[in-house]
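Peer 1: Quick one: the structure is below, and I'll ask about it shortly.
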Amino acid sequence: MLDVTRSSRAVALAVVCGAVVARAQSGPNDTRARDIYKQLIEINTTDTPAGSVTKAAEAMAARLRAAGFADDDVRVLGPDPRKHNVVARLRGTGARRPILLLAHLDVVEAKRGDWSFDPFTFLEKDGYFYGRGTSDDKAMASIFTANLIRLKEEGVKPERDIILALTADEEGGSFNGVDWLVKNHRDLIDAELAINEGGGGQMKNGKALINEIQASEKVYQDFRLETRNPGGHSSRPVKDNAIYHLAQGLARLGAFDFPLDMNEVTRGYFSRMAGLQNDPKVAEDMRAVAAATPDPQAAARLAAASPYYNALMRTTCVATMVSAGHAPNALPQTATANVNCRILPGQAPAAIKQKLEEVLADPKIAMSFVDEARPSAPSPLRPDVVGAVESMTKAMWPGVIVVPTMGTGATDSLYLRNAGIPSYGVEGLFSEIDDNRAHGKDERVRVKSYYDALEFQYRLLKALAFPR
């Protein structure tokens with residue numbers, strides 16, 4: 001799966017040796033990137049009345065224009081006044097088709113009372129950057145913006161235009177972001193390939209293990225569960241209670257696991273990861289699940305050890321929101337829940353719905369689709385992309401291997417892939433495998449990992465876009 005031509009490896013290695021600035025020489029760009037990062041974190045871009053993606057987009061546009069980008073090459077646009085995108089272009093010679101750098105500016109809500117500190121204040125503490133969006137996805141947004149300005153300052157023309165798109169609605173919509181740009185302004189973002197979030201670097205106890213290329217992802221699907229009841233006075237309770245029906249069904253769902261379903265990418269992942277394990281029992285379990293017939297007991301142990309391992313091996317569905325009742329002294333007339341599923345490629349959402357209905361095992365729980373699932377075909381593992389990522393990884397993190405992965409979450413690469421733009425989740429941003437705080441409390445990124453990713457992305461862009 002990772003095979004690339006010998007010539008591709010040689011070309012990528014030549015770029016490392018001849019066209020890349022050493023890490024020690026990038027001090028000014030470090031400062032610029034951190035300033036941009038801080039600015040973005042401290043702009044609330046949640047989908048709430050207090051949030052504005054447009055404010056962040058305009059701030060990035062102002063930085064790009066101040067760096068010398070022409071007004072025509074920096075566009076701020078979108079159908080919703082609060083959710084504008086910024087699209088910028090560094091013009092090249094046109095010898096090759098453009099490359100698109102994609103990152104989203106919107107973030108999920110973060111409540112001050114849930115966090116140890118203000119989530120919209122950029123905090124550097126104990127070797128980490130804290131704040132909502134530090135990992136998802138303002139690290140990538142700040143890195144791409146800083147590196148594009150750095151390339152503009154260097155004045156060397158790339159062989160292809162480099163397009164930067166910082167977008168809205170990745171977290172909770174899609175109507176105003178990449179999907180809208182593809183449908184209404186395809187010319188602004190049309191590219192031969194795209195680099196996006198989704199493929200991070202994994203560490204275990206501070207040791208870097210793998211650098212991922214996300215070439216496919218699970219299918220996002222929400223289901224609405226609802227129970228209804230005539231209700232009544234709470235002083236005369238009955239067993240037929242809408243909340244109880246829903247709660248008992250959700251308890252059955254919580255105890256259920258979808259069956260193992262390994263594919264070429266996930267088998268390759270576990271096979272390669274086995275060689276990096278210090279614990280021989282874990283290594284043996286990884287090889288056992290990567291076999292033609294996966295061992296269910298080995299899978300159970302891996303699933304118990306890591307939610308990420310579990311998500312790679314099966315479709316997952318989990319209750320994420322519950323609402324019920326209308327008054328404290330009345331029997332509930334309705335109870336509802338949202339169940340969020342991440343469906344393996346190739347599995348039909350309708351079949352997942354049918355299975356969930358069997359698991360809930362209660363005809364009084366009505367189940368319906370929330371919006372329509374949008375699957376996307378995997379991106380081909382292009383030799384130029386894989387070769388460049390491998391060479392940069394070898395140069396910066398000796399001993400770390402590059403592994404193609406299937407994303408367990410959903411990204412806007414979906415819309416690009418369906419539009420015929422191959423998209424690759426390549427971050428170079430390393431984090432502990434069991435410390436994923438995206439969307440959660442006290443979201444953070446290691447300071448060193450951030451600056452390493454800044455340099456990695458610069459080198460990768462030079463490899464993919466500049467004369468060879």
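Each value in this text was obtained by applying a stated rule to the coordinates, not by laboratory testing. None of these values were measured; they are calculated from a predicted model. So basically every Cβ, Gly included, is an ideal-geometry build from the backbone, and we count neighbours across all protein chains shown.
Peer 1: Show me, for region 103-114, the HN-Hα J-couplings you get by feeding each phi into the Karplus relation (A = 6.51, B = -1.76, C = 1.60, θ = phi - 60°), rounded to Hz, glycine and proline as x.
Peer 2: 8, 9, 9, 6, 9, 6, 4, 9, 8, 4, x, 8
Peer 1: Suppose R0 equals 35 Å. What FRET efficiency, 1/(1 + (r/R0)^6) with r the Cβ-Cβ distance, do Lys183 and Ala361 give to the nearest 0.05?
Peer 2: Efficiency at R0 = 35 Å is approximately 0.25.
Peer 1: For the pair Asn329 and Val447, what calculated FRET efficiency results from E = 1/(1 + (r/R0)^6), where r is the Cβ-Cβ distance and R0 = 60 Å, to the nearest 0.05? All intermediate terms of the calculation are to be shown ahead of the outcome.
Peer 2: Working: r = 53 Å, r/R0 = 0.88.
Computed FRET efficiency for Val447 and Asn329: 0.70.
Peer 1: Sticking with this structure for a sec: Between Tyr244 and Lys111, 0.36 nm times their residue separation minus their Cα-Cα distance comes to what?
Peer 2: On the way: separation 133, 0.36 × 133 = 47.88 nm, distance 2.91 nm.
Contour length minus the Cα-Cα distance gives 45.0 nm.
Peer 1: Continuing with the same structure: Residues in region 111-151, backbone N under 12 Å from the label point at Lys55 (7 Å along the Cα-to-beta-carbon vector): list them, ranges by number please.
Peer 2: 120-121
Peer 1: State the answer as a single residue: which of Gln333, Thr320, Pro378 lies farthest towards the positive end of the charge dipole of the chain, with beta carbon charges of +1 for Lys and Arg and -1 for Asp and Glu, about the Cα centre.
Peer 2: Selected residue: Pro378.
Peer 1: If you put +1 on each Lys and Arg Cβ and -1 on each Asp and Glu Cβ, how big is the dipole of the chain around its Cα centre, in Debye rounded to 20? Don't jump to the answer; show the numbers that get you there.
Peer 2: Numbers: 57 positive and 58 negative charges, 112 e Å.
I would put it at about 540 debye.
Peer 1: Give the share of C-alpha pairs in each 20 angstrom bin for the chain, from 0 to the last occupied bin, in whole percents, shortest bins first.
Peer 2: Calculated over all Cα pairs of the chain, the distribution is 23, 55, 20, 2, 0 percent.
Peer 1: Another question, if that's okay. Using a basic spin-label model with each label point 7 Å from the Cα along Cα→Cβ, how many nm lie between Thr336 and Val318?
Peer 2: Going from the Thr336 label point to the Val318 one covers 2.2 nm.
Peer 1: How far is it, in nm, from the label point at Lys207 to the one at Ser306 when both lie 7 Å from their Cα along the line to the Cβ?
Peer 2: 1.3 nm
Peer 1: Quick check: pseudo-label points 7 Å beyond the Cα along Cα→Cβ at Ala95 and Asp71, how many nm apart are they?
Peer 2: Each label point is offset 7 Å from its Cα along the Cβ direction, giving 3.3 nm.
Peer 1: Sorted from largest to smallest, which semi-axis lengths in Å does the alpha carbon gyration tensor of region 250-306 give for its equivalent ellipsoid, taking the root of 5 times each eigenvalue?
Peer 2: Values: eigenvalues 98, 36, 16 Å².
One finds semi-axes of 22, 13, 9 Å for region 250-306.
Peer 1: Placing unit charges on C-beta atoms (Lys and Arg positive, Asp and Glu negative, everything else neutral), compute the dipole magnitude of region 219-370 about its Cα centre in debye, rounded to 20.
Peer 2: Details: 15 positive and 13 negative charges, 51 e Å.
Using Cβ point charges on Lys, Arg, Asp and Glu, region 219-370 gives about 240 debye.
Peer 1: In sequence order, what are the phi-derived ³J(HN,Hα) couplings for region 398-413 according to the Karplus relation 6.51 cos²θ - 1.76 cosθ + 1.60 with θ = phi - 60°, rounded to whole Hz, with x for glycine and proline?
Peer 2: Working through the residues one at a time gives x, x, 7, 9, 9, 10, x, 9, 9, x, 7, x, 10, 10, 6, 4 Hz.
Peer 1: Moving to a separate point now. Can you give me the C-alpha center-to-center distance between region 102-122 and region 316-341, rounded to a whole angstrom?
Peer 2: Using only Cα atoms to place each centre, the spacing works out to 26 Å.
Peer 1: Something else: What ranking of Val385, Val402 emerges when the number of other C-beta atoms within 10 Å of each C-beta is taken as an exposure proxy, fewest first? The partial results should precede the final answer.
Peer 2: Values: Val385 25, Val402 21.
Going from least to most buried by this count: Val402, Val385.
Peer 1: Sorted from largest down, what three extents in whole angstroms do the Cα atoms of region 219-370 have along their principal axes?
Peer 2: Sorted largest first, the three principal extents are 63, 29, 20 Å.
Peer 1: Can you put Glu427, Glu153, Glu372, Glu109 in order, fewest other beta carbons within 10 Å first? Mind showing how you got there, number by number?
Peer 2: Values: Glu427 27, Glu153 13, Glu372 7, Glu109 16.
With the fewest neighbours first, Glu427, Glu153, Glu372, Glu109 line up as Glu372, Glu153, Glu109, Glu427.
Peer 1: Order these peptides, 74-86, 268-280, by their mean beta-carbon neighbour count within 10 angstrom, highest first. Working shown, then result.
Peer 2: Values: 74-86: 19.0, 268-280: 16.5.
Top of the packing list down: 74-86, 268-280.
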